[in-house]
Amino acid sequence: MKILVPVKRVIDYNVKPRVKLDGTGVDLANVKMSMNPFDEIAVEEAIRLKEKGVATEIVAVSIGVAKAQETLRTALAMGADRAILVQTDDEVEPLAVAKILKAIVDEEQPDLVILGKQAIDDDSNQTGQMLAALTGRPQGTFANKLEVEGDAATVTREVDGGLETVKLALPAIITTDLRLNEPRYASLPNIMKAKSKPLANKTPADYGVDTAARLQTLKVSEPPKRSAGVKVADVDELVAKLKSMGVAA
Ligand code: AMP
């Protein structure tokens with residue numbers, strides 16, 4: 001069984017984003033970039049399926065600038081077998097990413113594609129669903145648990161108000177939620193080994209996909225600053241204040 005794992009290079013989740021002064025976007029100059037956290041979970045899940053003997057090959061793919069190669073090396077160090085970089089300096093929107101992934105799915109024929117549920121930079125939560133539509137494959141989104149047996153995958157999904165379990169016929173598309181697993185750190189020997197694992201260089205044109213933007217960002221602004229808190233002397237004063245605000249009965 002082959003698993004394709006798309007991994008996106010995004011602003012590190014520990015970094016507090018700074019909005020550019022002209023309000024056109026987030027300032028990425030000299031900012032730490034890392035693998036999208038949900039994609040780390042996707043890589044981890046693929047590796048666990050390989051360790052269980054369910055999967056035989058894990059292919060990581062990233063669409064982005066040349067430095068996305070570092071993100072792919074991280075996936076290789078965690079345990080992916082080979083990688084594909086689809087290099088472009090354009091900011092690629094989910095539809096274009098999904099079209100490129102569809103072309104790669106046609107070429108590679110993976111039994112599973114495991115994506116993150118969303119990229120923490122654009123928060124789109126669209127690519128996996130679009131890929132499922134473009135490929136006509138069943139989708140199990142927001143996976144909290146994944147079990148593969150024979151030609152079916154059972155996915156427990158995090159939905160509003162609880163969990164939902166669905167059974168999908170393979171080949172299928174899965175997107176990961178936060179509680180699916182805890183991704184491993186790559187060990188130093190594996191980081192060294194990852195340097196010699198195969199990494200193919202491609203462009204969107206190789207897959208016949210035009211990455212020109214369809215969406216226009218009108219304005220990006222900082223969230224409003226939180227106003228200062230108030231110190232209360234004791235619980236009685238706290239309860240009185242909450243009551244006066246209509247928060248407590
Ligand atoms: P989004 O729909 O942008 O929130 O992204 C959802 C998921 O799609 C991510 O967690 C990745 O698995 C995948 N993805 C999105 N953009 C890219 C990209 N440029 N390269 C590789 N994977 C991507």
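The values are calculated or read from the model by the stated rules, or taken from the named source; none is laboratory data. These numbers come from a predicted model, not from an experiment. Don't worry about glycine lacking a Cβ; one is built from the backbone with ideal geometry, like all the others, and counts go over all protein chains shown. We work out accessible area using only protein heavy atoms, side chains counted, and drop any ligands, DNA or RNA first. Shrake-Rupley method; radii C 1.70, N 1.55, O 1.52, S 1.80 Å.
Under 16 Å from residue 197 (Cβ atoms), charged (D, E, K, R), more than 12 Å from the ligand (Cβ to nearest atom) and in contact with a helix residue (DSSP H, G or I) (Cβ under 6 Å, 6 or more places away or on another chain) - does that describe any residue in segment 70-90? Within segment 70-90 (the criterion being under 16 Å from residue 197 (Cβ atoms), charged (D, E, K, R), more than 12 Å from the ligand (Cβ to nearest atom) and in contact with a helix residue (DSSP H, G or I) (Cβ under 6 Å, 6 or more places away or on another chain)), the answer is yes, since at least one residue qualifies.
Among residues of segment 37-54 that are closer than 17 Å to residue 12 by Cβ, those with a beta-carbon under 7 Å from a residue that is open to solvent by less than 40 Å² (accessible area, probe 1.4 Å) and part of a loop (DSSP other than H, G, I, E, B) at least six positions away or on a different chain give the pairs 39/7; 40/183; 41/181; 41/183; 43/7; 43/80; 43/183. If you check every pair at least six apart or on different chains, which have Cβ atoms under 9 Å apart with a residue in segment 3-15 that is free of Cβ contacts under 8 Å to residues at least 24 places away in the same chain first and a residue that is not small (Gly, Ala, Ser) second? That search, which allows pairs on different chains as well, returns 12/31; 12/32; 12/33; 14/32; 15/31; 15/32; 15/33.
Scanning segment 96-133 for residues that are more than 9 Å from the ligand (Cβ to nearest atom) and surrounded by fewer than 17 Cβ atoms within 10 Å (Cβ to Cβ) turns up 106, 107, 108, 109, 133.
Residue 39 fulfils the conditions (1) of a type in the set (Asp, Glu); (2) within 9 Å of the ligand (Cβ to nearest atom); (3) under 16 Å from residue 5 (Cβ atoms); (4) surrounded by fewer than 17 Cβ atoms within 10 Å (Cβ to Cβ) except for a single criterion, (4). Of the set (1) among the polar types (S, T, N, Q); (2) under 15 Å from the mean Cα position of the chain (by Cα); (3) in a strand (DSSP E or B), all apply to residue 156 but (2). Restricting attention to segment 89-119, the residues that are of a type outside the set (Lys, Arg), within 18 Å of residue 11 (Cβ to Cβ) and not in a helix (DSSP H, G or I) add up to 8. Of all residues in segment 43-63, at least one satisfies being assigned to a strand (DSSP E or B), open to solvent by 10 Å² or more (accessible area, probe 1.4 Å) and within 16 Å of the ligand (Cβ to nearest atom). Residues in segment 159-182 that are over 27 Å from residue 107 (Cβ atoms), at pLDDT 95 or above and part of a loop (DSSP other than H, G, I, E, B): 177, 181, 182.
When residues in segment 197-216 are screened for being at pLDDT 95 or above, within 15 Å of residue 91 (Cβ to Cβ) and open to solvent by 80 Å² or more (accessible area, probe 1.4 Å), 1 of them pass. Filtering segment 64-84 to residues that are more than 21 Å from residue 100 (Cα to Cα) and open to solvent by less than 40 Å² (accessible area, probe 1.4 Å) leaves 77, 78, 79. Part of a loop (DSSP other than H, G, I, E, B), within 30 Å of residue 21 (Cα to Cα), open to solvent by 100 Å² or more (accessible area, probe 1.4 Å) and touching a residue at least 24 places away in the same chain (Cβ under 8 Å): does that describe residue 226? When the stated conditions are applied, residue 226 does not pass them. As a summary of the residue check, residue 191 satisfies the conditions (1) in contact with a Gly (Cβ under 7 Å, 6 or more places away or on another chain); (2) more than 16 Å from the ligand (Cβ to nearest atom) except for the one numbered (1).
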